[in-house]
Amino acid sequence: MATFMLASTVALLFGQATASPQAQMFERRQVGGEEPDVVIPGASSYNGLNLVPQMGWDNWNAFGCDVNESLLLTTAQDMINYGLRDLGYNYIVLDDCWSVGRNESGYLVEDKYKFPNGMQDVANRIHDLGFKFGMYSSAGTYTCGRYPGSLGYEQKDADLWASWGVDYLKYDNCFNQGQSGTPKLSFDRYNVMSQALNATGREIIYAMCNWGNDDPFDWAYRIANSGRMSGDIYDSFNRPDDRCPCTEAIGCPWPGFHCSVMNILNKMPAITSRTMSGYFNDMDMLEIGNGGQSDSEYVVHFSMWAINSSPMLIGTNIGTLSPANLAIYSNPAIIAINQDTSASAAKRVWRYLVDADATGEGEISLWTRTMANGDRIVALLNAGNTTRTMNATIDEVFFDERTAGAYRAPPELSQTWDVYDLWANRMSEAEAGAVLASMNGTTVQVSSNSTTRFNATAMSYADGIKAMHPALWGQKVGTLVPGGRFEAEIDRHSVGVYRLKSQGASKAKRDEL
Ligand code: GAL
């Protein structure tokens with residue numbers, strides 16, 4: 001996909017390496033006494049859960065209301081066979097349309113036609129398969145599919161889900177009775193369920209789905225583990241749709257739906273500092289496999305969701321997954337970024353509009369992100385209509401460090417960085433096809449030194465990175481040297497994603513000082 005070339009530039013600028021405002025935001029401050037009594041946003045998860053983004057599968061994008069227990073259980077078994085559970089996709093989330101109403105005591109009743117053995121049994125069997133179980137409701141009188149909502153019934157519903165063994169709640173925003181329009185109204189309404197979940201005593205991840213309404217980026221980390229930041233995704237790379245009118249996340253009064261991958265992605269840069277361990281900006285479920293985009297567009301979708309620490313919920317029919325789509329969902333080098341304990345979002349360093357044609361404007365952009373161990377991620381995104389050579393200078397890659405002060409160059413600029421192409425070891429069609437052909441009980445084993453596959457149950461992503469596991473590092477394609485830049489040819493509607501590892505601080509010779 002990407003051809004790698006090296007070049008050099010003399011445009012080396014100097015800046016001081018000081019803690020950025022964002023890094024300072026991630027501290028706990030002690031105000032007297034032993035324990036910190038002020039918790040700075042991002043210092044911890046509000047309930048101690050979800051320190052890295054949740055991963056799993058949700059039925060909505062591919063099946064809508066057409067759900068039943070065998071779909072959930074068959075999907076879970078397929079995900080084991082295909083190695084997806086062991087890549088970290090370990091939540092099975094049941095979306096809308098699962099209940100029939102409330103009983104005389106006010107408790108929700110599951111649809112016995114769709115779930116003949118009852119939800120408790122579904123939860124048990126999902127747990128037995130090594131997954132956690134996610135459930136859906138709405139902070140309104142109805143769900144978006146017009147099933148009973150939880151507004152006014154928060155504690156009853158939370159108690160019922162806890163008794164079933166639910167581990168995750170996706171909580172929607174439909175039919176909210178006008179209790180939205182200000183951050184306070186939304187906060188209060190969503191907080192009732194947050195408190196109710198806590199009161200059950202069960203560890204339940206709380207995934208707010210209020211589509212970014214009332215700027216949850218400012219308040220939801222106090223009560224939830226993730227929050228949708230846009231109207232609903234649809235399976236389009238960049239087609240604008242009038243039903244998704246906002247191009248910015250902040251102050252969007254009408255999030256809507258039918259939001260394209262590029263629409264959602266371009267809403268992220270402004271709220272990048274509001275992604276934090278325990279609270280993730282949810283860019284919505286993945287569409288890979290649903291047929292509306294090209295292979296390279298799906299690679300963009302997957303890559304950009306991953307590097308922005310979005311929850312990664314597969315939104316397609318696992319039973320009909322193609323080898324190419326399995327290969328995308330299974331790229332452990334990209335998932336390792338998403339699951340990195342830095343738990344931050346990428347920054348867009350620059351964006352240019354290019355290639356205007358009848359279908360609209362194309363664009364190219366450069367994104368970077370720091371990993372917990374100091375590695376640097378670089379993404380060269382070509383959402384233009386033609387293949388082009390893109391480049392990133394070392395100054396751009398370390399833009400924030402370079403602009404953090406004015407006295408001394410940050411050390412990163414004088415280091416040499418090995419550059420690894422993280423899509424270079426994508427599973428071939430043949431290998432992915434063989435994995436899909438595996439039958440129940442004859443799962444194709446992931447060998448510990450596979451260059452393409454990884455088992456995160458056997459070895460954590462952090463350990464794999466440390467051990468230079470080949471499946472997590474792709475292929476080394478060059479180095480980025482002080483004063484230099486790197487270039488890569490990026491296909492139309494595609495992205496190059498690279499992991500940069502420092503060779504160590506370079507020892508400046510005396511006469512260079
Ligand atoms: C939407 C939500 C979707 C899906 C749907 C169910 O509001 O954003 O992800 O849950 O409701 O009706």
(request) State to the nearest 20 debye the size of the charge dipole of region 275-396 about its Cα centre, where the only charges are +1 on K and R beta carbons and -1 on D and E beta carbons. (result) 300
(request) Find how much the distance from A270 to D463 grows on full extension, using 0.36 nm per residue of separation minus their present alpha carbon separation; answer in nm with one decimal. (result) 66.3 nm
(request) Taking DSSP loops as anything outside H, G, I, E and B, show the longest stretch in the chain free of GluC sites (Glu not before Pro) there with at most 16 other beta carbons within 10 Å. (result) 249-513
(request) Of all alpha-carbon pairs in the chain, indicate the percentage at a distance above 32 angstrom. (result) 42
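Evaluated at 10 °C with a viscosity of 1.306 mPa s, what Stokes-Einstein diffusion coefficient in µm²/s does region 53-198 have when Rh comes from the Kirkwood expression over alpha-carbon pairs? Spell out each step's value before the answer.
Working: Rh = 15.7 Å.
Taking Rh from Cα pairs, D becomes 101 µm²/s.
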(message) Below 8 Å between Cα atoms, with a sequence gap of 6+, how large is the relative contact order for region 134-254 in percent?
(response) 22
(request) Write down the accessible area per residue of the chain in Å², having rolled a 1.4 Å probe over the full set of protein chains. (result) 40
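Please list the equivalent ellipsoid semi-axes of region 350-503, computed as the square roots of five times the alpha-carbon gyration tensor eigenvalues, in descending order and whole angstrom.
Details: eigenvalues 202, 114, 27 Å².
Semi-axes (√(5λ), whole Å): 32, 24, 12.
Note down the relative contact order for the chain as a percent, whole number, built from C-alpha pairs under 8 angstrom at least six residues apart.
Relative contact order of the chain: 19 percent.
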(message) Can you show me the helix-derived [θ] at 222 nm for the chain, built from DSSP H runs with n ≥ 4 at -39,500 (n - 2.57) apiece and divided by the number of residues, rounded to the nearest 500.
(response) -6000 deg cm²/dmol
(message) Principal axis extents for region 55-345, Cα atoms only, whole Å, descending order, please.
(response) 52, 45, 35
(request) Loop sites only, by DSSP: take the trypsin sites (Lys or Arg not before Pro) in the chain that have at most 14 other C-beta atoms within 10 Å and name the longest stretch containing none of them. (result) 244-407
(request) At 0.36 nm per residue, minus the direct Cα-Cα distance, what do D295 and Y352 gain on full extension? Give it in nm, one decimal, please. (result) 18.2 nm
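Find how much the distance from K112 to A430 grows on full extension, using 0.36 nm per residue of separation minus their present alpha carbon separation; answer in nm with one decimal.
On the way: separation 318, 0.36 × 318 = 114.48 nm, distance 4.13 nm.
Length gained between K112 and A430: 110.4 nm.
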(message) Give me the percent of accessible area attributable to carbon and sulfur for the chain, probe 1.4 angstrom.
(response) 51
(request) Output the lone cysteines of the chain: those with no second cysteine's C-beta under 4.7 Å from their C-beta. (result) C209
(request) Enter the angle in degrees (range 0 to 90, nearest 10) between the Cα long axis of helix 154-164 and the first principal axis of the Cα atoms of the chain, meaning the one along which they spread out most. (result) 90
(message) Sequence gap at least 6, Cα distance under 8 Å: using those rules, report the relative contact order of region 350-503 to the nearest whole percent.
(response) 36
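The values are calculated or read from the model by the stated rules, or taken from the named source; none is laboratory data. What you see is a predicted model, and the numbers here were worked out from it, not measured in a lab. Note that we place each Cβ from the backbone using ideal geometry, even for glycine, and neighbour counts take in every protein chain shown. What goes into the accessible areas is simple: the full protein's heavy atoms, side chains included, and nothing from ligands, DNA or RNA. Shrake-Rupley method; radii C 1.70, N 1.55, O 1.52, S 1.80 Å.
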